[in-house]
Amino acid sequence: MPWNETCPMNERLKLIARLQEGEWSMTELCTQFGISRKTAYKWLDRYEAQGLDGLKDRSRAPHHHPNALGQGVEALIVKARERHPAQSFPAVSTAGEILKRHALVAPRRPRRKSPPYAPPFLKCVGPNAVWSADFKGQFKTADGRWCYPLTVSDNFSRYLLCCQGRQSPTGGA
């Protein structure tokens, strides 16, 4: 048996049709469709004002972008670049995007990628051949003093040989 497919537009149309039939209350229909009364009234108002077009999804993009440049400023930047192709602009993030949109700059060469992972302990041939000492960050103790944990480990076995709390990373007990 095939699955019944539906879309939000069809569900909204069903809601409006059942509301107009008058057999169910708004609360009952909202429970059936799993929506709030506020949402149902929104779709009803849109349908009454615009017909079927009112039931279509609307863009969720903001109507106003407070940091967007005006068209006049954008046109000035483009003209300046056309007149002075070698001149550099201070705000790469803004001017660069405008110039890319108008195909006035060449794209950058892709960066060389580094290898994803290199094992850190390649030179270890056996236990106790190479040891590592490292401070593992710092934290405050209950009395408010800083503690810097120093660890010493065997690189081959990764066995922790020593872990001491130090008062500073440069010395001291």
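The values are calculated or read from the model by the stated rules, or taken from the named source; none is laboratory data. Everything numeric in this text was worked out from a predicted model, so none of it was measured. Note: ideal-geometry Cβ built from the backbone for every residue, glycine included; neighbour counts use all protein chains shown.
To keep it simple, each residue is scored yes or no on (1) in the same structural domain as Leu13 (by TED's automatic domain parsing); (2) touching an Asp or Glu at 6+ places or on another chain (Cβ under 8 Å); (3) of a type outside the set (A, V, I, L, M).
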residue	(1), (2), (3)
Asp45	yes, no, yes
Gln50	yes, no, yes
Arg60	no, no, yes
Leu76	no, no, no
Arg83	no, no, yes
Ser93	no, no, yes
Check your understanding: Name the pairs whose Cβ atoms lie under 6 Å apart, with the first residue in the stretch 65-86 and under 12 Å from Leu99 (Cβ atoms), the second part of a helix (DSSP H, G or I), and 6 or more positions between them or separate chains?
Key -> Glu74/Ile98; Ile77/Ala95; Ile77/Ile98; Arg81/Leu99
Point to revise | Subset of the stretch 107-128 [small (Gly, Ala, Ser) and either in the same structural domain as Ile77 (by TED's automatic domain parsing) or at pLDDT below 85 (or both)] | key: Ser114, Ala118
Check your understanding: Is there any pair linking a residue in the stretch 44-63 that is closer than 16 Å to Gln20 by Cα to one that is β-branched (Val, Ile, Thr), with Cβ under 6 Å and at least six apart or on different chains, and which?
Key -> Tyr47/Ile16
Check your understanding: When you scan the stretch 1-27, how many residues do you find that are assigned to a helix (DSSP H, G or I) and in contact with a helix residue (DSSP H, G or I) (Cβ under 9 Å, 6 or more places away or on another chain)?
Key -> 12
Study note, to complete from the structure: Those residues of the stretch 47-69 that are modelled with pLDDT of 85 or more, among the small types (Gly, Ala, Ser) and closer than 30 Å to Val105 by Cβ come to a total of 2
Review point. Which one of these is at positive phi and in a helix (DSSP H, G or I): Gly51, Gly72, Gly96?
Key: Gly51
Exercise for review: Return a yes/no flag: does the stretch 163-170 have any residue that is modelled with pLDDT under 90, β-branched (Val, Ile, Thr) and in a loop (DSSP other than H, G, I, E, B).
Suggested key: yes
